[in-house]
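Report on the following structure.
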Amino acid sequence: MAELMRRGLELRAPRDPDPVFVDEWLVTNGLGGYAAGTVNGTITRRYHGYLIAALAEPLGRTIMLNALLEQVRIPNQGRIYKFGLAQQTTQGGAQAGDATLEHFELDNGLPVWRYQAEGYVVEKRILMPFRQNSVYVNYRMLSGEGALRLGVRPALHFRTHDAPVDRPLEENYRLVVVGARYEVSSGDSLPPLRMMIYGERASFSINRERQKIAYSIEEVRGYESAGDLWSPGFFRLDLAPERDATLVFSSESWDDICALKPEDALEAESERRRLLFAHAHPKAQEGLASELVLAADQFVVVPMGRSEDAARARAAGDEMRTVIAGYHWFTDWGRDTMISLEGLTLTTGRFSEAGWILRTFAHYVRGGLIPNLFPEHGKDGLYHTADASLWFFHAIHRYVEQTGDRATLRLILPKLQDIVDHHLRGTGFGICVDHHDGLLRQGEEGYQLTWMDAKVADWVVTPRRGKAVEINALWYNALCLLERWLRQEKGDADAASVAGHAARARESFNKRFWFADGEYLYDVVDGENGDDAAFRPNQIFAVSLDYPVLEQARWERVVEVVRERLLTPFGLRTLSREHPNYKAKYYGDLRARDAAYHQGTVWPWLIGPFIDAWLNAHPDGRAEARGFLERFDSHLSEACLGSISEIFDAESPYAPRGCVAQAWSVAEVLRSLVKTAE
């Protein structure tokens, strides 16, 4: 297929006028590590850096290289031009000017900059070798006479990527130089940052320096927003036509670093990306969908922690895989993984990895629950979720339908029976079937158990304790799937009891959840304050799942009223405008943001279930369904270029917010593009 180019830089204003919202780029390494920053080179987030290494627990993801200050000296004139972050610093002296960033693009998903100064054009590229904590930064002179002298100053502050930026700098940074190899280490247990340079007349000058950085987005978000970076010195080398220069930064061993020359690293990564396209669904091999195949690749990772579990998996002939829920700050979450699995792995043809993910999570079932999340710096999951285990059934069904891997189904089937048994008897966090009506209730003081899980200190913003509409839609779907699998694998006797529970849940659901006055579904029944008629998108799951719990005569009405009141160009609002708790904008400090997180804010992942429900209600409505996805193409040229944000404001201009790249956003839009393709 043709090479993919996303030309994202037109020096246009973002949809939100606030100057801190500038376009960003992201490169990942298949381990959960990444490199990330803004297109214009400023550092605005604590998470920005050229090498965020995914290290074994208890270290977790660690910023090893925060910044590069870059400049070029024009031959025979001595004038210096800075680009990137160096333009915001005093680096370069009185003669320094600013080079012009004239072009930015993604070349098969990898960022490319072009800077111009006095007729000279310098191109910069970044890549991370797959499953290595290394980054390659390549420079090339595209036009100009004579050799430019390039100067690059690395700046660092070793810290976990989510640590406050004002954490004091390590006082014991040590630089070791052996030939053309350079190492910076600290006094703690971190591996050193290793640096190599490939280029003409290359040298390194020891010149220790501190830089003060203001992190504008951290300030807006209510966090510490100023901190220091330390630099051991700077690299110098020549740039001339057909004489590239590459800097390599890594936390890997020298043997691993030296094994991969820059040209080999680029060719290997290019070939890997070509194979991603080749393996994807035929309808995902061109256009917007093909770009999302590359975006999807960023979230499927080998977890660097949990080494004991990795050894167990290998002993069984498996591998460990999981899904990073979002960049920059999320780890792997059970709910997000199960919702994302079809789009990230099945639509992209990564069937083996889908099986590894499902078998990995099956190993973690405890008390009828799969983990809600795995913390950044630990190996034990947290289980406070009422829906992740039910989404597990959905993911397994989609996997078996598309792969025919019934061996995995038979392997996991006892776990699935155990999950249902625990829900019938009652498990943690008040999750239990009410035997008066067969519906599933959930809730425990101080916990947020549904996907609407915002919490600030002791304040659970949307507790939804009681019988939540999507939890019961998922419960019915899970029971129907289990009944089907038991009939296929064990016979009717094992399935009969499960069928009875499903029939009772469906009957009660249609009696209890229909809000006749509004002709839509309650969000929660039997809640702490009775039945909650807040108009939310959660009701769409009663129509969208493989076994819809809502009686068919009401599908069209529910879908239509959700379209009228919640649909936006980027997904569904989480609350209707007329509700007193509705928030039009997600902005401000943590408390203000979480107060809006599920109180109007738009979530792109919900477009997938909405399209499923739309097509269930309108089997001939594929063209209309495709139209609901149109605006995502333009979104890939803003925020995190080439990916889809976690959330959007609830009103026009629908500014992107939250994580700049979110797994289930990418997964559900990609899946829906393929589903609605002609």
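Each value in this text was obtained by applying a stated rule to the coordinates, not by laboratory testing. Please read all numbers here as calculations on a predicted model, not as lab measurements. For neighbour counting, all protein chains shown are included, and Cβ atoms are generated from backbone atoms with ideal geometry for every residue, glycine included.
Structure summary
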| quantity | calculated |
| --- | --- |
| Cα-based Rg of the stretch 453-504 normalised by 2.2 N^0.38 Å, two decimals | 1.65 |
| Net charge dipole size for the stretch 426-550 [Lys, Arg +1 and Asp, Glu -1 on Cβ; Debye, nearest 20] | 240 |
| Helix-only mean residue ellipticity at 222 nm for the chain, each DSSP H run of n ≥ 4 adding -39500 (n - 2.57), per residue, nearest 500 | -9000 deg cm²/dmol |
| Nearest 10 degrees, 0 to 90: helix 492-512 Cα axis against the chain principal axis | 90 |
| Relative contact order of the chain, defined on C-alpha pairs under 8 angstrom at six or more residues apart (%) | 12 |
| Globularity ratio of the stretch 67-184, using Cα Rg and 2.2 N^0.38 Å | 1.22 |
| Relative packing of 327-338, 225-236, 656-667, which averages over residues the other C-beta atoms within 10 Å, highest first | 656-667, 327-338, 225-236 |
| Descending semi-axes in Å of the stretch 211-343, equivalent ellipsoid built from Cα gyration tensor | 31, 25, 21 |
| Mean Cβ count within 10 Å, highest first, over the residues of peptides 525-531, 26-32 | 26-32, 525-531 |
| Ordering of 258-267, 290-299 by burial proxy (mean other Cβ atoms within 10 Å per residue, highest first) | 290-299, 258-267 |
| Only Lys, Arg (+1) and Asp, Glu (-1) charged, at Cβ; the chain dipole about Cα centre in debye | 720 |
| Theoretical gain in end-to-end length, Asp228 to Ser634 [0.36 nm per residue, Cα-Cα removed] | 142.5 nm |
| Taking the C-alpha atoms of the stretch 323-476, convex hull volume expressed per residue in Å³ | 116 |
| Fewest-first sequence of Leu101, Leu411 by Cβ atoms within 10 Å of each Cβ | Leu411, Leu101 |
| Cα Rg, Dmax, the stretch 5-274, angstrom units | 17.6, 52 |
| In Å, descending, principal axis extents of the Cα set of the stretch 426-550 | 48, 34, 25 |
| 5 angstrom amide H check on His103, placed H, neighbours 5+ away | Arg114 |
| Using alpha-carbon coordinates, inclination of helix 287-297 to the longest axis of the chain, degrees | 80 |
| Percentage relative contact order, the stretch 427-525, counting C-alpha pairs under 8 Å, at least six apart | 24 |
| Per residue Cα convex hull volume in Å³ - calculated over the stretch 135-275 | 168 |
| For the stretch 481-599, the fraction of alpha-carbon pairs in successive 5 Å shells from zero, as % | 2, 10, 16, 18, 16, 12, 10, 8, 5, 3, 1, 0 |
| Of His161, Gly222, Leu288, farthest towards positive along the dipole that unit charges on Lys, Arg, Asp, Glu beta carbons give the chain | His161 |
| Range of Cα positions in the chain per principal axis (Å), largest first | 85, 54, 49 |
| When the convex hull of its Cα atoms is projected in every direction, mean area for the stretch 147-187 (nm²) | 4.7 |
| The stretch 555-678 - Kirkwood radius from inverse mean 1/r over Cα pairs (Å) | 14.6 |
| Given charges at Cβ of Lys, Arg, Asp, Glu: the chain dipole, positive-most of Thr568, Phe392, Cys659 | Cys659 |
| Two-site FRET efficiency, Ala163 against Ala493, from Cβ-Cβ distance with R₀ of 60 Å, rounded to 0.05 | 0.60 |
| Proxy reagent accessibility, fewest Cβ within 10 Å first, across Asp238, Asp434 | Asp434, Asp238 |
| Count of lysine pairs in the chain with Cα separation under 27 Å (8 or more residues apart, or interchain) | 14 |
| Cα pair distances of the stretch 184-231 binned at 10 Å [whole percent] | 18, 30, 34, 16, 2 |
| Cut-off 15 Å between beta-carbons: net charge of the residues surrounding Asp421, Lys and Arg +1, Asp and Glu -1 | +1 |
| Beta bridges by DSSP in the chain, antiparallel share as percent, to the nearest 5 | 95 |
| Electrostatic dipole magnitude of the stretch 521-678 [Cβ: Lys, Arg +1; Asp, Glu -1; Cα centre; debye, to 20] | 360 |
| Over 12 Å [Cα-Cα, the stretch 247-307], rounded percent | 75 |
| In Hz, Karplus ³J(HN,Hα) per residue of the stretch 664-678 (6.51, -1.76, 1.60; θ = phi - 60°; x = Gly, Pro) | 6, 4, 4, 4, 6, 5, 4, 4, 5, 4, 5, 5, 9, 5, 6 |
| Neighbour-count ranking [beta-carbon atoms within 10 angstrom, fewest first] of His279, His157, His501 | His279, His501, His157 |
